[in-house]
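Data block below; observations after.
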Amino acid sequence: MTAAIVLQVAIGGLLMGLIYALVAAGLSLIFGLMDVVNFAHGELLMLAMYATFTIHQALGLDPLVQLPLIALLLFGAGAAIYRGLIARSLAVRFNTGMVQVFVTFGLSIFLVGAAQLVFGSDFRAISDGVLSNRTVAIGQVVLPLAQVAAGLICLLAFAALVLISRTEFGRALEATREDREAVALIGIDRDKVFSVGWGIGGAAVGIAGVMLSNFYYISPTVGSNFALIAYVTVALGGFGSLPGALIAGVLVGLVEALTALVMDPSLKQVGIFAIYVLVLMFRPRGLFGRL
Amino acid sequence: MRRPGTSNVIIRRRRRELVVGAILLVLFVLLPLPIGNTYLRGLIVLTLLYAGLSQGWNILGGYCGQISLGHALYFGIGAYTSAMLFTVLGVPPTLGMFAGGILAGLAALLVGWPCFRLSGHYYAIATLVVGMTALLLVQNWDFVNAAMGITIPFRADSWSDLEFRVAVLPFHYVMLAYAAVAWLIAWVVEGSRWGFYWRAVKDDATAARSLAVRVFPSKMAAAAISGFITGVGGALYSQYVGFIDPDSTLGLSLSVLIALPAVVGGVGTLWGPLLGAAVLIPVQQLSIAWLGSAGNGIDLMIYGMLIIALALARPQGLVSLLGVRSQAGGEVAESA
């Protein structure tokens, strides 16, 4: 095992970690905003991937060109989920926390079924995009172009998220998070803030999905694996913390890649879960979380 | 907190519950006799199994309010322990199921130890991750045949081995006994000191602590009982189906399916898991049989929509339709 291989694997893991970070940021945003865990988060990623695939097949639009379109589409999906299901489950007077968990679980099962109905269970892939089958070489390290682009775009999207959190709207988000009753008194429409928050969370997943579809297989259940990693990432970084999601995402990507190097690749997630358990024992609120 | 005189009301209500439980038991003993259809009998067997499993989940998730999304772990431990003891050492599953249940209870304590420091969604996610880790490890563990699973060999018709040439009718009574014992355990703990502790912890852990309720040990007790019941259910399942593999005994969808009957029927209620299983399991199984056999996903869509609709329309559970008072938190469920 030469240093070049280790470096190659580590950079690959780092790039994957940036995707994990963006997926986790969407989840973390929603959690931080209203203490709701979206158990259909992975299925939003799956939707974005299938949407990219379908538009690519039908219109021949390259995934890269589709970025703004899919982001907008998933923004709409996120906002619609909030308006249609989450607002309702928050209005419930009994077992609110539990209703929210199982409503989003029901949604995730429904979406997997819908994808199976429309697309079948076969694995799909986009193999003729602009980024497909190309590599970049930096010294001895050779990386697939699609993965490099995905890492960079996700990093950019992450930066956009941080910028949004600093705008007027970001402050409204923050205020609504602090006290959802009081913001109504200063003229902030709570429902609107929440649905935009869900929209942004959806758009983040949408961008990750587009970039992922350039080099990752697409199937109805592809989301569950990414969702699981997103939960671990969010718990690791601290619920509701954006910088936490970035650092934890990269950490998870690195650990996953390096575990696959030293252990059987089918066990690559054991490394991630091991750090999660360590964090759970010694720092339950995560690296950057507020308790 | 309790007005004088209410204790009599409670004693009377609990006595009534026992009577209703006994009547139901008799009905279920007789139920398969007029039903000739094997598929329908099998459906009732599964419903009884999930009624028992969910009753176990309800002790931790309902009474004590700790929403576990990793109960498949305890189910899997029960199933694998009993199956390994039987196939490798020849230990009869009637004993193996207790070994599986005890191991599952111990596992629940081990999981609870770090996880009970977390609350709400943090706890739910931690249990989910622990469950998925176990799935991943068992999928790669050659000693238990990894992802290939274990086939339980048929030796002879035997009650001690829980093996029958025609399994549906005997297993009706096995699962009925399981569901009945799980119900009885729930009935006993509901009226015990633990039951009151759990409800206090669920309502407000800080307030409970200030009233000298030992929160952590209470949660651990709920976890151990809950894990034990779930583990025994896993062992019975492995004998009934004759084959176990990591996906069917440790997957996330199983964890959700164990929790759902209680959620749909009424969390923290004695009858909720029974009622929820009676509604949910037939709908889920029939939609698989009628619509999902081609793998087209319609069954999943119906199942998902049903969960959403029931959770939103009846958040207090289907028991509220019967005018049963929720025992958890003491809200009057019928008022909503």
The one condition in (1) in a loop (DSSP other than H, G, I, E, B); (2) in contact with a Leu (Cβ under 9 Å, 6 or more places away or on another chain) that A:ASP122 fails to fulfil = (2)
Residue under evaluation B:LEU211, criteria (1) surrounded by fewer than 15 Cβ atoms within 10 Å (Cβ to Cβ); (2) of a type in the set (A, V, I, L, M, F, W, C); (3) under 24 Å from B:MET84 (Cβ atoms); (4) more than 14 Å from chain A (Cβ to nearest Cβ), criterion not met = (3)
Filter the range B:299-316 for residues that are part of a loop (DSSP other than H, G, I, E, B) and either within 8 Å of chain A (Cβ to nearest Cβ) or hydrophobic (A, V, I, L, M, F, W, C) (or both) and give the result.
-> B:PRO315, B:GLN316
Is it the case that some residue within the range B:166-178 is surrounded by 22 or more Cβ atoms within 10 Å (Cβ to Cβ), in a helix (DSSP H, G or I) and of a type in the set (Ser, Thr, Tyr)?
-> yes
What is the one condition in (1) free of Cβ contacts under 8 Å to residues at least 40 places away in the same chain; (2) more than 14 Å from every other protein chain (Cβ to nearest Cβ); (3) crowded, with 22+ Cβ neighbours inside 10 Å that A:MET49 does not satisfy?
-> (1)
Which one of these is surrounded by fewer than 24 Cβ atoms within 10 Å (Cβ to Cβ), within 19 Å of A:VAL37 (Cα to Cα) and within 14 Å of another protein chain (Cβ to nearest Cβ): A:LEU242, A:LEU236, A:LEU228?
-> A:LEU228
Selection within the range A:104-134 - among the polar types (S, T, N, Q) and out of contact with any helix residue (DSSP H, G or I) (no Cβ under 6 Å at 6 or more places or on another chain) = A:THR104, A:GLN116, A:SER121, A:SER127, A:SER132, A:ASN133
Looking only at the range A:127-178, count how many residues are assigned to a helix (DSSP H, G or I) and of a type in the set (Gly, Ala, Ser).
-> 10
For B:LEU95, state whether it is away from chain A (no Cβ under 14 Å), in contact (Cβ under 8 Å) with a residue 24 or more places away in the chain and surrounded by fewer than 21 Cβ atoms within 10 Å (Cβ to Cβ).
-> no
Go through the range A:91-106 and count every residue that is within 7 Å of another protein chain (Cβ to nearest Cβ) and within 16 Å of B:VAL256 (Cα to Cα).
-> 8
Can you tell me which residue among A:ILE109, A:ILE11, A:ILE55, A:ILE5 is more than 14 Å from the chain's Cα centre (by Cα) and within 13 Å of chain B (Cβ to nearest Cβ)?
-> A:ILE109
Check whether at least one residue in the range A:97-110 is surrounded by fewer than 20 Cβ atoms within 10 Å (Cβ to Cβ) and part of a helix (DSSP H, G or I), and report yes or no.
-> yes
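Listed here are the residues, each with its yes/no results for (1) under 15 Å from the mean Cα position of the chain (by Cα); (2) among the basic types (Lys, Arg); (3) part of a helix (DSSP H, G or I).
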| site | (1), (2), (3) |
| --- | --- |
| B:GLY36 | no, no, no |
| B:ALA79 | yes, no, yes |
| B:PHE86 | no, no, yes |
| B:TRP113 | no, no, yes |
| B:ARG117 | no, yes, no |
| B:LEU136 | no, no, yes |
Name the single residue, out of those in the range A:252-268 being out of contact with any helix residue (DSSP H, G or I) (no Cβ under 6 Å at 6 or more places or on another chain) and part of a helix (DSSP H, G or I), that is farthest from the other protein chains (Cβ to nearest Cβ).
-> A:LEU258
Where in the range B:189-261 are the helices (runs of 4 or more DSSP H), entirely inside, with at least 1 residues that are modelled with pLDDT of 95 or more?
-> B:215-241
Among the residues of the range A:206-226, write down those that are at pLDDT 90 or above and of a type in the set (Gly, Ala, Ser).
-> A:GLY206, A:ALA208, A:GLY209, A:SER213, A:SER219, A:GLY223
Candidates A:ASP179, A:ASP189 - the one that is of a type in the set (Asp, Glu) and surrounded by 13 or more Cβ atoms within 10 Å (Cβ to Cβ) = A:ASP189
List every residue pair whose Cβ atoms lie under 8 Å apart, where the two residues are 6 or more positions apart in sequence or sit on different chains, the first residue falls within the range B:158-182 and is modelled with pLDDT of 85 or more, and the second residue, located anywhere, is among the charged types (D, E, K, R).
-> B:LEU169/B:ARG41; B:HIS172/B:ARG41
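Here is a yes/no grid of residues against (1) farther than 23 Å from A:PHE123 by Cα; (2) in contact with a Phe, Trp or Tyr (Cβ under 7 Å, 6 or more places away or on another chain):
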| site | (1), (2) |
| --- | --- |
| A:LEU29 | yes, no |
| A:GLY32 | yes, yes |
| A:VAL37 | yes, yes |
| A:GLY42 | no, yes |
| A:LEU67 | no, no |
| A:LEU74 | no, no |
| A:ALA79 | yes, yes |
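Each row is one residue, and each column tells you yes or no for (1) within 18 Å of B:LEU312 (Cα to Cα); (2) assigned to a helix (DSSP H, G or I); (3) not charged (D, E, K, R).
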position: A:LEU67; (1), (2), (3): no, yes, yes
position: A:ALA71; (1), (2), (3): no, yes, yes
position: A:PHE75; (1), (2), (3): no, yes, yes
position: A:ILE86; (1), (2), (3): yes, yes, yes
position: A:ARG93; (1), (2), (3): yes, no, no
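The values are calculated or read from the model by the stated rules, or taken from the named source; none is laboratory data. For clarity, every value in this text was computed on a predicted model and none was experimentally measured. Please note: Cβ atoms are built from the backbone with ideal geometry, for glycine as well, and neighbour counts cover all protein chains shown.
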